[in-house]
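J.: Take this structure, written in structure tokens, and hold onto it; I'll ask about it next.
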Amino acid sequence: MQKQKCSLKLYSDFLIANQNRYSGLELPRVSPKKNMHHDSVDRWLSKSSFTPSELWNKVKTIVNVKNGYLIGDDSLINKKYSRNNELARKQYSGNEHKLVNGICLVNLLWTTGEEYIPVDYRIYQKENDDKTRNDHFQDMLKRAKKRGFFHYTL
């Protein structure tokens, strides 16, 4: 059996270091590992499961909860070529000004203005969710407060 070329450390470092190209095609292109193919990234991602808590455990050592700002954002990840993705559905894209097939990602970022680090997220599916996007934002802010982000009165 061949050793897996992609790993959580490699993928995380890639996401943190990369400023704008987060695709499985880009990682093999910039990877220090020789002969990495995008299929190895796809295989690794399909076998992996990531929770918001795992994200927090990865980034908590690089954020300063006493400094910086939190930004709430909902983004539509365009999946126009993905036919069998259970998370994707037709929804309005403000970027494209029309309905597109995509995944709604509700996320919370920490920033100093120079760096932006995701600290929490939710995948929002209107038809399968008993919460609104705003409910998810409120839940993430409550969790951020428990993690020490708010050292002052809101």
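Laboratory data are not the source of any read-out in this text; all were calculated from the coordinates shown. Since the model is a prediction, treat every value here as computed from it, not as a measurement. Heads up, the Cβs are rebuilt from the backbone with ideal geometry, glycines too, and the neighbour counts pull from every protein chain shown.
J.: Taking amide H positions as placed 1.01 Å from N in the peptide plane, with prolines and chain starts having none, which residues 5 or more places from Y121, or on another chain, fall under 5 Å of its amide H?
T.: Counting only residues 5 or more places away or on other chains, the set is L108.
J.: At what distance in nm do the modelled label points of K47 and V65 sit from each other, each positioned 7 Å from its Cα along Cα→Cβ?
T.: In this crude label model, K47 to V65 measures out at 3.4 nm.
J.: Quick one: compute a quarter of the convex hull surface over the Cα atoms of segment 1-48 and quote it in nm².
T.: 3.3 nm²
J.: Still on this structure, please answer the following. Not counting the cut sites, what is the longest span of the chain without chymotrypsin sites (Phe, Trp or Tyr not before Pro) that DSSP labels loop and that have at most 16 other Cβ atoms within 10 Å?
T.: It runs 82-149.
J.: Please go through the residue pairs K9/K60; K60/K131; K79/K146; K9/K47 and name each one whose alpha carbons sit more than 23 Å apart in this structure.
T.: K60/K131; K79/K146
J.: When we measure straight from the Cα of K58, which aspartates and glutamates land under 15 angstrom away, once same-chain ones fewer than 8 places off are left out?
T.: D13, D120
J.: According to a simple spin-label model (label point 7 Å from Cα along Cα-to-Cβ), what is the distance in nm between N95 and A17?
T.: It works out to 2.4 nm between the two label points.
J.: Let me have the 222 nm mean residue ellipticity of the chain computed from DSSP H runs of 4+ only, each contributing -39500 (n - 2.57), with the sum over all residues rounded to the nearest 500.
T.: Calculated at 222 nm, the ellipticity per residue is -9000 deg cm²/dmol.
J.: Report the calculated FRET efficiency for L25 and K131 (r = Cβ-Cβ distance, R0 = 25 Å), to the nearest 0.05.
T.: 0.15
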